[in-house]
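Read through the structure below, which is laid out as structure tokens, and then see the notes.
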Amino acid sequence: MNNPLKSAAAHYDPTLPQVVRDPYPSLLALQRHDPAHWNPKLKAWVLTRYDDVKMALTSTDMSVDRIRPFYENLPAKEKGVLSELMRYLTLWLVFRDPPEHTRLRHLMSRAFTMRAVEVLRPGVEDICDMLTDRLPRGEAFDFVNDFAMQLPAMVIMDLLGVPRKHMFHLKSCSDRMQLFIGSARNAPDKYERAAEGAHEMATLFRGLIAERRAEPRDDLISAFIAAREADDAMTEDELVAACMLVMFGGHETSANLLGGGMAKFIAHPEAARLLADQPDLAKSAVEECLRLDGPSGSMARLVAVEHQLHGKTLRPGERVFAMINTANQDPDMFERPGDFDITRKPNRHLTFGYGAHFCMGAALARLEAEVTFPRLVQRLPNLKLAARPIEWHATIIMRGPRVMPVELH
């Protein structure tokens, strides 16, 4: 008799529409039967167990410098298209190994400490209430476009010092860049579109940096310019890249968390009622939304040192996808891993990474969700999915709804 789990594992194909909607039957089958899986479609290793994923995020056998080698192996025409995008991506912290990563993270973290995240709470509350008041009643609308995207975009733009009038333009830039950064599958002209998005975002930030050099303000762009360590400071390209990373990372991850989290509360009305009655559960509720089908589908690495894993040989230069959301459902780490339990403790998920590359924006993303979820389940108890299904981002790096049609009855 055929084992359906083994069959699912053998057919993990992230390009299939049903896998985009729900990748977990195939990935959890891999976790059980083939935890170090070579995937010919991705031309990469797929790791699905908690301990293996955590190791991949911390081991010196792995490198985060995955974008540059991939770019160098592209045909000359595609390299030309992506040259400006690569100018900035190669300076992003998430794609740099020590010592370059250590230097830039230190300079950026000095700027981030200029305001404690908790100071931002009243502003986040005001934005949340304003957006909630604007939501249409009695008709279908897109929760992502009308709420989940706008809240973190407004917060991060205010923090950087970017006028809110640029929000939808920057959202468009981020969406196009994600086609390349998120390893999107089957996206036509993705390199050209990603390059256009990066050019437009870089141009906007280069102009704002010039303005802040002439007239500093109390914002993150000015803080990045002022950040120094001895005689070291960020170069012009590093400043532009840092702003792009904060905008892209601080907006995309949080938007996916808010959209995906509300999808869970709609699907689990008992959890929504519990949080509405006990808003002090907000912190643990956010951690559970981060753990179960959270905003990090996977994190990519490159094999730096040949080593063995589950009887397989991983060789230098090979790509590795450490499947974060699947590791977060490993039964060896979590009891009842498929349950949505907003009281779960402990909850040692890997959604924000681990070790030196732990997400710098984790505290801000948590704050935005801790403000949003209790408010929405209290104020919008009748929020339901509309007839049209959720459309999910077709990437294996990011995970979240791209379009989420809902109604307020």
The farthest towards the positive end of the charge dipole of segment 4-408, of the residues LEU135, GLY261, GLN31, given +1 on Cβ of Lys and Arg and -1 on Cβ of Asp and Glu, is GLN31
In square nanometres and to one decimal, what's the mean projected area of the convex hull around the Cα atoms of segment 201-277? 7.7 nm²
Here are some pairs, LYS41/LYS79; LYS283/LYS384; LYS264/LYS312; LYS190/LYS283; LYS54/LYS77; LYS171/LYS264; which of them have Cα atoms lying more than 31 Å apart in this structure? LYS264/LYS312; LYS190/LYS283; LYS54/LYS77
Let me know the longest stretch in the chain that avoids all trypsin sites (Lys or Arg not before Pro) found in a DSSP loop with at most 10 other C-beta atoms within 10 Å. 138-409
Taking only the alpha-carbon atoms of segment 4-408, the convex hull volume per residue, in cubic angstrom, is 142 Å³
Let's see if you can work this out: charge +1 on each Lys and Arg Cβ, -1 on each Asp and Glu Cβ, no other charges. What is the dipole magnitude of segment 4-408 about its Cα centre, in debye to the nearest 20? 620 debye
For segment 78-220, what is the largest minus smallest coordinate of the Cα atoms on each principal axis, given in angstrom and ordered from greatest to least? 49, 41, 29
Summed residue charge, Cβ within 11 Å of TYR12's Cβ, Lys/Arg positive, Asp/Glu negative: -1
In percent, how large is the relative contact order of segment 205-347, given Cα pairs closer than 8 Å and 6 or more residues apart? 19 percent
If you put +1 on each Lys and Arg Cβ and -1 on each Asp and Glu Cβ, how big is the dipole of segment 329-409 around its Cα centre, in Debye rounded to 20? 240 debye
What spacing in nm lies between the two simple spin-label points modelled at PHE358 and MET130, each 7 Å away from Cα in the Cβ direction? 3.3 nm
Would you be so kind as to identify which of TYR88, LEU364, TYR12 lies farthest towards the positive end of the dipole of the chain, taking Lys and Arg as +1 and Asp and Glu as -1 on Cβ and the Cα centre as origin? TYR12
Could you list the GluC sites (Glu not before Pro) in segment 251-329 that lie in coil according to DSSP, counting only those with at most 16 other Cβ atoms within 10 Å of their Cβ? GLU306, GLU318
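Coordinate-derived values only; no laboratory data. What you see is a predicted model; the values in this text were computed from it and never measured. Reconstructed Cβ throughout: ideal geometry from the backbone, glycine too, with neighbour counts over all protein chains shown.
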